[in-house]
Amino acid sequence: MTPNPQALPDYESHLLAAMAFFLGRDPEAQARACLCMYLRQAEPRIMAQVRYYAHQISTQTGQPLDAYDLLQRIFDSPEAVAAALPHLGRVHDNDQPDVFS
C-alpha cells in the first residue's frame, strides 16, 4: 500500500512537494516517510483502540486475544474482524464522502 501524492488534497500536495524539495526526496518517498512518521506518533492511540477491541472480542468469545494478534488479523482480514465486532462505530461511514477516498 504505497501512498499516492497525486491523490492528496491540493494544499497537502503542495506542502508535500515543498517538504520533498527541501529534503531532497522524491514526493512518493516523502509521502511514505510522512505516513510512517504519523503512524508512529499515533501508535499509542491506535494500539489503545486495538487493545480495547481485543478485550471486547476476548470477552465475547471467552478466548484470549492479544492486541498484536488482533492487529495482524485487521491487516490480514479486516472483514472477519468487522464481523466479530458488529456494533463497531466507525468515524467515517462508507456511505459518506471522504476527502481522502
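No lab work stands behind these numbers, since they all come straight from the coordinates. The structure presented is a predicted model; accordingly, all values stated were derived computationally and were not measured.
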| query | Tell me, what ³J(HN,Hα) does each residue in the range 58-69 have, in order and in whole Hz, if you take phi through Karplus 6.51 cos²θ - 1.76 cosθ + 1.60 with θ = phi - 60° and put x for Gly and Pro? | reply | 4, 5, 5, 9, x, 10, x, 9, 6, 4, 6, 5
| Rg and Dmax of the range 22-77, using alpha carbons, in Å: what are they? | 15.9, 53
